[in-house]
Each structure stands twice: as structure tokens, then as C-alpha cells.
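Worksheet: the structure to be examined is printed underneath.
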Amino acid sequence: MKVLVVGGGGREHALVWKIAGSPRVSKVWCAPGNPGISECAECVPIGSNDINSLLAFAKENRADLTVVGPEAPLAAGIVDSFKRAGLRVFGPTKEAASLESSKAFAKDFCKRYGIPCGASETFSDAAAAKAYAAGGSLPVVVKADGLAAGKGVIICKSVAEAEAAIDEMLVSRSMGDAGRRVVVEEFLEGEEASFIAVCDGNHVLPLASSQDHKAAFDGDRGPNTGGMGAVSPAKVVTGDVARAVMERIMLPVARGMVTEGMPFVGALYAGLMIKDGEPRVLEFNARFGDPETQPLMVRMKNDLVDVLEAAVTGTLDRVELEWDTRPAACVVMASGGYPGAYEKGKVIGGLADAAALADVVVFHAGTRRAGDEIVTDGGRVLGVTALGVDMKSAIGRAYEAVSKISWEGVHCRKDIGHRAV
Ligand code: AMP
Ligand code: GLY
């Protein structure tokens, strides 16, 4: 069969790498892809938000399955367009993607179905939002309702900070329409983990647990990023915690979405805060995590195409997942300055040496080809991923590969996986 993957980051490289390994697949395209992806798929120069061109390409080339990586095309209705055209596509409809694209929707949904999360209210009026923030305990969390590329959450230690965050979003509109409404939420303590499941509308098939590191600097300091590294499994997600997450969060979400007339098909990602074994939801994503997908794909033993196809055809109850018992770690190598301003176009050295190490895969995110060289082209540049007999050796192996790669101004965290050993 022929598969089209939409996106061009580290997550999509991991998905394409896995799909290309399927004996059932004769052709993989990736739009727009990146130089790493071009080693295992044909990259097509169509942007991931250009739904009309993606649809025309899939029709013309008779793609048997399209897999959508990023949230923006999902929120813009790519799945609805493909389905209307009679094409098979993995991902939620625009309506179902509201679990990610509207935090207000997600919070109201959790309240309707008794899904554990922090107390919150949604506001479009700044004075009312400020009064609510001032009336609760500190810190307090102010969130833009819409998609904000990981920059829509502000943890405020004082009422003054909360007022400033509310004004930024609702009055100055610094986040555009994403900040037309804000959610003011209780601050939750504990340890974070990512719980990702593949859903077919009625069935929820949990993947192995994973954990990312959102802060830019070691010790979880500095600004939040899209994720500076990830591991699988996450130690905090014990068997009991995983069962609690399924019973109290994932299955109620799937059932609730059916009740609301928008069954969820695709990857459902619950960002969790876990304290004393009790999971609560921080956010939902309607897609695979990035970089969590990188360690997950190197550990998955199933043919991913079987899993995605079962999700699209409503037969996930017949799939049983198998995982490499070895843990995996992914260290993100980023451009110096990320998530703030950074320079692009730096020549990357050592890629082949790193990739030659056993049980190492160097996934590309923000890279570009320039003549014979591969150069940096984004904030998160590479996701250096390794398996090991235990977590410590997976992490050691990933950092050994990282040490072979360099460019001017490269930045990575040195403590990825510290909570998992
Ligand atoms: P979100 O996009 O909602 O996951 O928020 C991004 C990050 O902000 C999360 O990964 C947490 O580190 C932090 N965060 C969000 N909501 C809360 C909360 N209610 N309490 C504590 N931290 C939070
Ligand atoms: N790693 C966090 C995310 O994918 O949103």
C-alpha cells in the first residue's frame, strides 16, 4: 500500500521511519518532510497546512492511507476534507480535535464527564478573569484557549503576574485569536507524564508510557519549549497508574466523545500530572507527541500500519501491542536561543558518525539541505534516539551519539531522563 504522512518534524520522521519498515508498504510520501525523512520516503513540497494541495496529491497518487502529524491541519479540518473525498485518513475530525484546539472545550468536557483535572473557569472578559484569579490560591495558571504552539500557558506566582498574563491575552491580543478566551486554572503539583493512545472511536489502545522534558534548561528551568527530550517508559506511570488513567481518563474521553456525536479517531494524548499515584489531566493533544513519538517508535514491535489501519476501520480491539522491553531515550539538539530567537543555516557535522552507533536513530526535525551539507533550519533540529538494556544505558547511548554531532551554537539538555532512572 501507499502511505502519505503530513508534517516535517521529528515526530513525522519517526512515523515515516516506522511506516517505511512495514512489509505492507510499497511507497511512502511525506509532505513536506525534511532531509532525514528523505532517506526513507519521497518528500513532497506541499506545506502541512495546504489542505487542498494535500488532498489533490493524495487523490492523484491514490494514497491508501494518510497520516496527519501536526495539530494545525487537524484543527483546520484536513480529516473532514479527506473523508468527504472518500480517502482513508488517520486523525480526528476538526470537531474532535477541539480537545486540543480549545482548552475551554477540553475543560468543559472534563467537567461534564467527571474526568480529573484542575479546577478552572473560562473567560472572555478581563475583569472577570482577574477577579477569579485573585480569589484563588497561588500560583495560578493562565492559558490561551486556542492553539499557541506551546506558548499559551503562563504559570503566575502572583496576582499581578496573572493580571498581566490576562491583559496580554484578552486585551493586547498578543496571541491573536488563540487568546480571545482564557482559561484560569488551579496549579497542580506532581510529576508530569504523557499518556498516548490510538483510538478508533470506540476502542482505546494505549501505547507504552512516555515522558518529555518541556523546559529549555537542565533541572527543568527556563522557558517551556515543545519538548527538549523524551523517554519511554516513564517510571511514574506504574501499572496501577496506567490502569487509573485508562479507567478515569482515556475510556471516559472516548465514550464522552461518542456521546457528543464526535467519536475520536486518531492519537489521543493526555498530558498528565501525577501525584501520589493519582493522575489528573493538564491538557489533551489530538495527535502523537513530539518528541515522545521518537522513543515510542523505536520501541514498538508491531507494524504501525496495521495499528493505524485498525484505528481507521474501527477494529482496534483486535490489535495487541508489543514493545521492545528495552527503554529508549531521545535527546533533542536545538539551536542556541530556542525557544526565543535563534540563527538558522549552521552546518551540522557528525551525523553519519552518530547514526553508525548501534541502536541509535538520529531523527531530523528542523534541518534543510544546502548543497552537500545538512544545515539547521528550526529551533528543534534533531532528536537523537537510542535503545539500551536499561534506561541508564539508553540515555548514555543517546548522549554518546549527541557528542558526535555539532554545529555552531548547538544547545541540548544534559539531564534528559533523570526522572526515569
Ligand atoms: P499545557 O499546554 O496545558 O500542557 O501546558 C504546558 C505545560 O504547562 C505543562 O506541560 C505543564 O508543565 C504546565 N502546566 C499546565 N497546566 C498546569 C497546571 N494546571 N498546573 C501546573 N502546571 C501546569
Ligand atoms: N511533547 C509535547 C507535545 O507533543 O505537545
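Values in this text are rule-based calculations from the coordinates and carry no lab data. Keep in mind it's a predicted model, so treat the numbers as computed, not measured. Cβ atoms come from the backbone with ideal geometry, glycine included; neighbour counts cover every protein chain shown.
Distance from the C-alpha centroid of segment 301-368 to that of segment 1-57: 13 Å, rounded to the whole angstrom.
Would you mind ranking 393, 403 so that the residue whose beta carbon has the fewest other beta carbons within 10 Å leads the list?
Numbers: 393 18, 403 12.
Listed from fewest to most nearby Cβ atoms, that is 403, 393.
Each of 37, 166 has some number of other Cβ atoms within 10 Å of its Cβ, and from fewest to most they run 166, 37.
Calculate the length of the line joining the C-alpha centroid of segment 119-143 to that of segment 387-421, in whole Å. For segment 119-143 versus segment 387-421, the Cα centre distance is 39 Å.
Dividing the radius of gyration of the alpha carbons in segment 161-227 by their Kirkwood radius gives 1.09 for Rg/Rh. With neighbours defined as other Cβ atoms within 10 Å of a residue's Cβ, the residues 412, 40, 117 order from fewest to most as 40, 412, 117.
Find, to one decimal place in angstroms, the Kirkwood hydrodynamic radius of the chain, where the mean of 1/r is taken over every pair of different Cα atoms and then inverted.
Values: mean 1/r = 0.0462 Å⁻¹.
Computed over the chain, the radius equals 21.7 Å.
Taking 35 Å as R0, compute the FRET efficiency from the Cβ-Cβ separation of residue 60 and residue 368 and round it to 0.05.
Numbers: r = 26 Å, r/R0 = 0.75.
My answer for the efficiency is 0.85.
Divide by every residue of the chain the summed helix terms, -39500 (n - 2.57) for each DSSP H run of at least 4, and state the resulting mean residue ellipticity at 222 nm, rounded to the nearest 500 deg cm²/dmol. Result for the chain, helices only: -7500 deg cm²/dmol.
Going through segment 169-237, which trypsin sites (Lys or Arg not before Pro) have at most 13 other Cβ atoms within 10 Å and a DSSP loop state? Before the final figure, lay out each step's value.
Working: sites: 173, 180, 181, 214, 221, 235; in loops: 173, 180, 181, 214, 235.
Within segment 169-237, the qualifying trypsin sites (Lys or Arg not before Pro) (loop, at most 13 other Cβ atoms within 10 Å) are 173.
Comparing Cα centroids, segment 196-214 and segment 152-185 end up 30 angstrom apart.
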